[in-house]
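The values are calculated or read from the model by the stated rules, or taken from the named source; none is laboratory data. Bear in mind the structure is a predicted one, so any value in this text is a computation, not a measurement. Cβ placement follows ideal geometry from the backbone for every residue including glycine, while neighbour counts extend to all protein chains displayed.
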Amino acid sequence: MILVIGYFGKMNNQIDGQTIRTNSIYNLIKERSDSEVIFFDTQSFKNNKLSILKMIFLICKSKVIFDIAAHGNLKYLFPLIFILCFFLKKKLNYVAVGGWLFDFIENMPIHKKLLMKTQNVFVQTENLCIKLKENNFTNVRLLNNFRLTNFQRKIVRNNRINKIVFMARIHEMKGVDVIFQLGHKLIEMGYTNIVIDLYGPIHHEYEKSFLKNLKNSSINYGGIVDPLNVYDVLENYDLMVFPTKYFTEGFPGSILDAYISGIPVIASDWMNAHEFIVDKCTGYIVEFNNPAAFIEKVIWLIENPDNLLLLDANIIQKSKQYSSDSAWSTLIENKAL
């Protein structure tokens with residue numbers, strides 16, 4: 001039996017990078033493994049602290065455990081999971097979410113030592129993989145984000161930019177304020193026919209400011225898109241914008257979704273940007289935390305749309321790099337199951 005522990009977000013149908021990565025890995029293993037595959041949703045701790053007893057019971061029943069962990073899980077829950085797996089002789093795989101792991105454990109020697117003793121530490125960026133290996137990790141493996149889909153773009157792109165999309169968490173640190181500035185600039189320049197749509201869960205601390213800005217702009221908010229409909233929605237757009245202000249951003253799932261949908265991305269130059277976007281080949285990368293440069297580049301692309309058409313073949317090829325087949329091969333090759 002294989003147990004996947006993680007924040008699935010099933011209690012409130014939460015959709016974000018963490019829950020999508022968690023559900024993707026669980027669904028991949030369940031679909032392709034011959035063993036019985038079960039899960040434990042750590043979100044259940046919010047309603048019932050005693051659910052930890054259920055988790056312990058499931059660990060005892062299982063032979064292989066995947067712990068897909070963000071900050072809270074790693075700090076408080078992972079040591080318990082490790083101890084149980086060690087004494088019960090279970091195979092434990094740790095799966096990182098995002099690109100923060102190295103900085104997080106730098107001053108946590110016990111957690112670092114425990115991670116080194118797991119079967120595998122799966123991370124989603126090459127940069128993080130290299131950092132951990134340089135710090136004596138011998139069990140770190142690259143497991144990129146992936147999607148379980150056979151989607152093929154049906155809409156043929158026009159030789160112009162009519163529709164721009166942002167699909168991620170609605171938060172100032174994701175650069176949403178830069179998109180509002182872009183909207184105002186386009187109106188000011190007379191580009192009144194260009195549509196900008198935002199999708200994603202609104203961060204509660206940003207909600208009041210976001211709704212105020214939305215009311216005073218020409219930008220549209222489309223809510224949260226069901227993961228099953230993401231590609232059907234995205235293929236209607238000509239360009240995805242991602243002006244993140246999170247320098248340690250991992251592998252944003254929205255960029256992978258854009259590639260699968262056949263649309264290019266313009267993004268700020270966060271720490272891992274060049275690993276996932278080939279500048280002038282699968283998209284465009286702009287200086288980090290420089291809103292003026294970001295807006296200028298979008299306007300340049302609007303005025304020179306032929307540059308986007310040149311990227312189409314590269315985008316399709318890039319998306320194949322993050323297939324479910326590739327992810328499954330990574331698990332098998334590293335004896336994770």
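Please go through the stretch 169-190 and give me each residue that is under 24 Å from ILE15 (Cα atoms) and either polar (S, T, N, Q) or part of a strand (DSSP E or B) (or both), ordered by number.
ILE170
Residues are listed down the side, and each one gets a yes or a no for (1) modelled with pLDDT of 95 or more; (2) in contact with a Phe, Trp or Tyr (Cβ under 6 Å, 6 or more places away or on another chain); (3) within 28 Å of ARG147 (Cβ to Cβ); (4) small (Gly, Ala, Ser):
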| site | (1), (2), (3), (4) |
| --- | --- |
| ASN27 | yes, no, yes, no |
| ILE56 | yes, no, no, no |
| LYS61 | yes, no, no, no |
| ASP67 | yes, yes, yes, no |
| PRO79 | yes, no, no, no |
| PHE82 | yes, no, no, no |
| LYS89 | yes, no, no, no |
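Of (1) modelled with pLDDT of 95 or more; (2) outside any helix (DSSP H, G or I), VAL225 satisfies all except one. Which?
Checking VAL225 against (1) modelled with pLDDT of 95 or more; (2) outside any helix (DSSP H, G or I), the one that fails is (1).
Can you list residue pairs whose Cβ atoms sit under 6 Å apart, with the first residue in the stretch 87-100 being among the polar types (S, T, N, Q) and the second being not in a strand (DSSP E or B)? Count only pairs 6 or more apart in sequence or on different chains.
Pairs found: ASN93/GLN119; ASN93/ALA336.
Which one of GLU287, GLU235 is outside the structural domain of LEU128 (by TED's automatic domain parsing), of a type in the set (D, E, K, R), within 22 Å of LEU148 (Cα to Cα) and in contact with a helix residue (DSSP H, G or I) (Cβ under 7 Å, 6 or more places away or on another chain)?
GLU235
Within the group GLU249, GLU205, which residue is surrounded by 24 or more Cβ atoms within 10 Å (Cβ to Cβ), in a loop (DSSP other than H, G, I, E, B), assigned by TED's automatic domain parsing to the domain that holds ASN290 and not hydrophobic (A, V, I, L, M, F, W, C)?
GLU249
Which of the numbered conditions does LEU77 fail, given that it passes all the others? Conditions: (1) assigned to a strand (DSSP E or B); (2) surrounded by 17 or more Cβ atoms within 10 Å (Cβ to Cβ).
(1)
I'd like to verify a number: residues in the stretch 112-168 that are assigned to a helix (DSSP H, G or I), touching a residue at least 60 places away in the same chain (Cβ under 8 Å), out of contact with any Asp or Glu (no Cβ under 6 Å at 6 or more places or on another chain) and not hydrophobic (A, V, I, L, M, F, W, C), how many? Show your work before the answer.
The first filter runs over the stretch 112-168 and keeps only residues assigned to a helix (DSSP H, G or I), leaving 112-116, 126-134.
Then drop every residue that is not touching a residue at least 60 places away in the same chain (Cβ under 8 Å), which leaves 126-128.
Of the ones still in play, those that are also out of contact with any Asp or Glu (no Cβ under 6 Å at 6 or more places or on another chain) are 127-128.
Within this subset, residues satisfying the condition of being not hydrophobic (A, V, I, L, M, F, W, C) are 127.
Adding up the residues that qualify gives 1.
Residues to consider are VAL121, VAL64, VAL37; find the one that is touching a helix residue (DSSP H, G or I) at 6+ places or on another chain (Cβ under 6 Å), of a type in the set (Val, Ile, Thr) and within 14 Å of ILE5 (Cβ to Cβ).
The match here is VAL37.
Out of the stretch 1-28, which residues are touching a Leu at 6+ places or on another chain (Cβ under 7 Å), part of a helix (DSSP H, G or I) and not hydroxyl-bearing (Ser, Thr, Tyr)?
Matches in the stretch 1-28: ASN27, LEU28.
Every residue, every condition in (1) under 27 Å from GLY262 (Cβ atoms); (2) of a type in the set (D, E, K, R), yes or no:
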site: ARG160; (1), (2): yes, yes
site: LYS163; (1), (2): yes, yes
site: GLY183; (1), (2): yes, no
site: GLU188; (1), (2): no, yes
site: THR192; (1), (2): yes, no
site: LYS208; (1), (2): no, yes
site: ASN216; (1), (2): no, no
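Examine the stretch 48-55 for a residue that is touching a residue at least 24 places away in the same chain (Cβ under 8 Å), under 24 Å from THR138 (Cβ atoms) and surrounded by 20 or more Cβ atoms within 10 Å (Cβ to Cβ), and state whether such a residue exists.
No.
In the stretch 266-280, which residues are touching a Lys or Arg at 6+ places or on another chain (Cβ under 9 Å) and polar (S, T, N, Q)?
SER268
Does ASP103 qualify as being of a type in the set (Asp, Glu) and more than 21 Å from the chain's Cα centre (by Cα)? Please lay out each step first, then the result.
Details: of a type in the set (Asp, Glu): yes; more than 21 Å from the chain's Cα centre (by Cα): no.
No.
Within the stretch 267-293, which residues are under 16 Å from the mean Cα position of the chain (by Cα), crowded, with 22+ Cβ neighbours inside 10 Å and not in a helix (DSSP H, G or I)?
Of everything in the stretch 267-293, those that are under 16 Å from the mean Cα position of the chain (by Cα), crowded, with 22+ Cβ neighbours inside 10 Å and not in a helix (DSSP H, G or I) turn out to be ALA267, SER268, TRP270, ILE277.
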